[in-house]
Amino acid sequence: MHIARRAPASLTAIATALLALMGQAQANQDLDKLSHEDKNWVMQTKDYGATHFSRLKEINADTVKDLKVAWTFSTGVLNGHEGAPLVVDGIMYIHTPFPNNVYAVDLNDTRKILWQYKPKQNPAARAVACCDVVNRGLAYAPAGDHGPAKIFLNQLDGHVVALNAKTGEEIWKLENSDITVGSTLTGAPFVVKDKVLVGSAGAELGVRGYVTAYNIKDGKQEWRAYATGPDEDLLLDPKFNEHNPHYGQFGLGTQTWEGDAWKIGGGTNWGWYAYDPKLDMIYYGSGNPAPWNETMRPGDNKWTMTIWGRDADTGRAKFGYQKTPHDEWDYAGVNYMGLSEQEVNGKLTPLLTHPDRNGIVYTLNRENGDLVNAFKIDDTVNWVKKVDLKTGLPIRDPEYSTRMDHEAKGICPSAMGYHNQGLESYDPDKKLFFMGTNHICMDWEPFMLPYRAGQFFVGATLNMYPGPKGTLGQVKALNSVSGKIEWEIPEKFAVWGGTLATAGNLVFYGTLDGYIKARDTRTGELKWQFQLPSGSIGHPITYAHNGKQYVAIYSGVGGWPGVGLVFDLKDPTAGLGAVGAFKELAHFTQQGGSVFVFSL
């Protein structure tokens, strides 16, 4: 009898669990399916693999010369416009920098704003934003068991909002970050299964970084994983780094710090995510340790500067690979994570490729974290001689190290990195990544300072300037397995926003001085360009509507490279060194805020 009474309860529990899993799987499958319909652009990354690649080819290397403006939209906001709009089933969702307005535009009548959301935020958030008041975009979840289709917005003041995608009505809102200690939100949310992932920003103010998964239905917190601190806070799996124990395993989130310095040690993540549905793992990078002055935080400072592979359901870390132990140059490692399937030693292998701020392009086996390749994105990288593929450690050149009472000269790359927040693209047919890069070097002089909550906690004075090749940027096509650079093209200014690749043999990107350009992916030849009213720091997208292909991009200079122009700064060391590097930018462009859409 006892057993007979318990059996239905067990069956009910199993049935409930199965239904929950089915619901998760359905939400995941619906978004995954939408992402592969090239008429749509439903994620900032285009798809879970972050290919940023479209099979559309009405606009191609032969026809792109006839590309013209189809329509435009003013966002009504200045400051830097990072990220890109989303396009879902005939609606374009447009976001802005602070105050983080959202617009839904009807693609059947682009003069018509279907709804608009204008949040009321604490203006104090502006004062603690590191590098302009940017926002890297929205996320979308199709309708399902969780309710209606939703748009997710991260606000600069640390709040996360879920909006009804059809009406703009606020469904739920929560506080993720505390701006009184300098924690803001600038990264884009990322939807995986029944969860939306939200990062954190503010390492320049000593914020301890974390990523949080919230349930898309009601905003309930499912898990939170920190970058520093005790293992239980890091959510380390019992088998963490079992394939690569030399990366480090347990207890290091506190042992590699002096005292309690890990509590104000940075490691925020405001960059991009990727997801492998087959392995059910998410990937992202944690950023720089705090403060920038390395003398104030001896040790490897784990697990800042780390590529993470975590279980999507539990957040448990399967592996973590720290690229720059004891960072000395602010080489925050939050950059692009691109997934591909390529042959390595004759075997088809699931790969993760990451161009880091430190000037190295890393490729890992994304199942177990094995380091497959690590090579310089440019031959002028000088802080490191090479990366030892057996140990994973960088072999540094001591000439370019930083320390107290010493001004280090000619460090390449600068703190902006040879690659920053740009969202890049991967052509699976050509097996090539296309990357917009910086080409900026620096002088670095540290100084001591106390920690005060909510105030900048950097401790270094920087001068930045063009790299040895004489320009501030480049565009490159590269093979991540062989390390071969197929072609590279110089650009006057940094290519900050990233690239879009298409089956039409084209790669699109925006420039800081206000051009959108299209190059032939096979040769790098310039095939088309158009001058926008303001510089571009966002990434282009493409979509189709009523059978016609369009290309869209934000115009609106700003962000870290444009901080001198936006805030009218003159001291070359201001803006954490950006003002000097981009002192000519104001002679080529001014602030704006708009979406430009092109078609044949």
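The values are calculated or read from the model by the stated rules, or taken from the named source; none is laboratory data. This structure is a prediction, so every number in the text was calculated from the model and none was measured. For neighbour counting, all protein chains shown are included, and Cβ atoms are generated from backbone atoms with ideal geometry for every residue, glycine included. The accessibility values were calculated without ligands, DNA or RNA, using every heavy atom of the protein model including side chains. Shrake-Rupley method; radii C 1.70, N 1.55, O 1.52, S 1.80 Å.
General remarks:
- Condition met for E341 (buried (at least 22 other Cβ atoms within 10 Å of the Cβ) and charged (D, E, K, R)): no
- Of all residues making up the range 498-530, the number that are within 23 Å of G559 (Cβ to Cβ) and without any contact (Cβ under 8 Å) to a residue 24 or more places away in the chain: 3
- Residue within the range 364-377 that is among the polar types (S, T, N, Q), in contact with a helix residue (DSSP H, G or I) (Cβ under 9 Å, 6 or more places away or on another chain), open to solvent by 10 Å² or more (accessible area, probe 1.4 Å) and not in a strand (DSSP E or B) present: no
- So V192, is it under 18 Å from the mean Cα position of the chain (by Cα), open to solvent by less than 10 Å² (accessible area, probe 1.4 Å) and closer than 19 Å to Y93 by Cα: no
- When K263 is tested against (1) surrounded by fewer than 21 Cβ atoms within 10 Å (Cβ to Cβ); (2) farther than 20 Å from N358 by Cβ; (3) touching a Leu at 6+ places or on another chain (Cβ under 8 Å), just one condition goes unmet, and that condition is (3).
- Residue in the range 464-475 that is at pLDDT 95 or above, part of a loop (DSSP other than H, G, I, E, B) and closer than 28 Å to G593 by Cβ present: yes
Table: residues versus (1) open to solvent by 30 Å² or more (accessible area, probe 1.4 Å); (2) in a loop (DSSP other than H, G, I, E, B); (3) farther than 26 Å from D427 by Cβ; (4) not small (G, A, S).
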position: K33; (1), (2), (3), (4): yes, no, no, yes
position: E37; (1), (2), (3), (4): yes, yes, no, yes
position: T51; (1), (2), (3), (4): no, yes, no, yes
position: A61; (1), (2), (3), (4): no, yes, no, no
position: F73; (1), (2), (3), (4): no, no, yes, yes
position: A84; (1), (2), (3), (4): no, yes, no, no
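- Residue under evaluation K65, criteria (1) open to solvent by 50 Å² or more (accessible area, probe 1.4 Å); (2) assigned to a loop (DSSP other than H, G, I, E, B); (3) of a type outside the set (S, T, N, Q); (4) at pLDDT 95 or above, criterion not met: (2)
- The range 568-583 - residue that is free of Cβ contacts under 8 Å to residues at least 12 places away in the same chain and not small (G, A, S) and, of those, farthest from I440 (Cα to Cα): D568
- Only residues that are open to solvent by 10 Å² or more (accessible area, probe 1.4 Å) and out of contact with any helix residue (DSSP H, G or I) (no Cβ under 7 Å at 6 or more places or on another chain) were counted across the range 301-316, and they come to 4.
- Test result for L600, hydrophobic (A, V, I, L, M, F, W, C), open to solvent by 10 Å² or more (accessible area, probe 1.4 Å), in contact with a helix residue (DSSP H, G or I) (Cβ under 7 Å, 6 or more places away or on another chain) and under 21 Å from S74 (Cα atoms): no
- Candidate set: the range 382-441, residues that are outside any strand (DSSP E or B) and of a type in the set (A, V, I, L, M, F, W, C); chosen: the one farthest from G473 (Cα to Cα): M404
- Taken together, G315, G333 contain a single residue that is in a loop (DSSP other than H, G, I, E, B) and over 23 Å from I395 (Cα atoms), which is G315.
- Of all residue pairs spaced 6 or more apart or on separate chains, those with beta-carbon atoms under 7 Å, a first member in the range 292-309 that is farther than 20 Å from A415 by Cβ and a second member that is of a type in the set (V, I, T) are G299/T256; K302/T256; W303/T228.
- Looking across the range 102-129, the residues that are open to solvent by less than 50 Å² (accessible area, probe 1.4 Å), farther than 28 Å from K33 by Cα and under 23 Å from the mean Cα position of the chain (by Cα) come down to A125, V128, A129.
- For the range 192-239, a residue qualifies if it is touching a helix residue (DSSP H, G or I) at 6+ places or on another chain (Cβ under 8 Å), outside any strand (DSSP E or B), hydrophobic (A, V, I, L, M, F, W, C) and under 21 Å from P325 (Cα atoms), and the qualifying residues are L205, V207, A227, L234.
- Qualifying position, being under 26 Å from L31 (Cα atoms), surrounded by fewer than 23 Cβ atoms within 10 Å (Cβ to Cβ), over 18 Å from the mean Cα position of the chain (by Cα) and touching a residue at least 40 places away in the same chain (Cβ under 8 Å), among E222, E175, E258: E222
- Strands (runs of 3 or more DSSP E) enclosed by the range 484-557 - at least 2 residues per element that are open to solvent by 10 Å² or more (accessible area, probe 1.4 Å): 485-491, 515-520, 526-531, 541-545, 548-555
- Within the range 439-452, none of the residues are closer than 23 Å to P540 by Cα, among the aliphatic types (A, V, I, L, M) and either without any contact (Cβ under 8 Å) to a residue 12 or more places away in the chain or open to solvent by less than 10 Å² (accessible area, probe 1.4 Å) (or both).
- Filter result (more than 22 Å from S183 (Cβ to Cβ), surrounded by 15 or more Cβ atoms within 10 Å (Cβ to Cβ) and not aromatic (F, W, Y)) within the range 266-279: A274, D276, P277, L279
- Filtered by the rule that a residue be among the charged types (D, E, K, R), more than 27 Å from D568 (Cβ to Cβ) and assigned to a loop (DSSP other than H, G, I, E, B), the range 86-119 gives D89, D109, R111, K112.
- Q590 meets all of the listed conditions (1) buried (at least 17 other Cβ atoms within 10 Å of the Cβ); (2) in a loop (DSSP other than H, G, I, E, B) but one, namely (1).
- Long-range neighbours under 6 Å by Cβ, at least six apart or interchain, first residue within 13 Å of F433 (Cβ to Cβ) and open to solvent by less than 10 Å² (accessible area, probe 1.4 Å) within the range 467-483, second at pLDDT 95 or above and not in a strand (DSSP E or B): V475/V495
- Y103 being aromatic (F, W, Y) and either at positive phi or in contact with a His (Cβ under 9 Å, 6 or more places away or on another chain) (or both): yes
- Tally, over the range 225-248, of residues that are under 19 Å from K195 (Cα atoms) and either surrounded by fewer than 16 Cβ atoms within 10 Å (Cβ to Cβ) or of a type in the set (A, V, I, L, M) (or both): 3
- Of the residues in the range 154-164, not one is surrounded by fewer than 19 Cβ atoms within 10 Å (Cβ to Cβ), in contact (Cβ under 8 Å) with a residue 40 or more places away in the chain and not in a strand (DSSP E or B).
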